[in-house]
Amino acid sequence: MVTKFEEIYRDIDTLPEEAQSLLLDFIQLLKKHYPQTENQHIENEKTFSSTQKQKPHPLDTFLETHGAWEDERTAEEIVKEIYDSRTISNYDISL
């Protein structure tokens, strides 16, 4: 049964937010139509919370994918290169 919850959770997670909201409304309707005992409710909560995985922060995902900046130059050398590569524009701009 745990595997099914994981599969359902992954499927729901891929849906747009509006569809997820509709799905929650439908689940509430089903719960009213098919009430369960308190013991069943507690057991279901334990099972779902143990299978639910926390979504990683987008920054963590980005860093895992791309990693940190790697350069053998010192900060001063990088700054000097940036300043040295700048050019002055001769465009006449009027506002």
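Just so it is clear, none of the values below were taken in a lab; they were calculated from the coordinates. Quantities reported herein were computed from a predicted structural model and do not represent experimental measurements. Using ideal geometry, Cβ is built from the backbone for each residue, glycine included, and neighbour counts are taken over all protein chains shown.
Computed packing ranks the peptides 80-92, 22-34 as 22-34, 80-92, most packed first, by mean other Cβ atoms within 10 Å. Potential lengthening of the chain between H57 and L30 amounts to 6.5 nm, from the contour at 0.36 nm per residue minus the alpha-carbon distance.
A simple rule links phi to the HN-Hα coupling: the Karplus curve 6.51 cos²θ - 1.76 cosθ + 1.60 with θ = phi - 60°, which for the range 71-80 gives 7, 8, 7, 7, 4, 4, 5, 5, 4, 4 Hz, with x for Gly and Pro.
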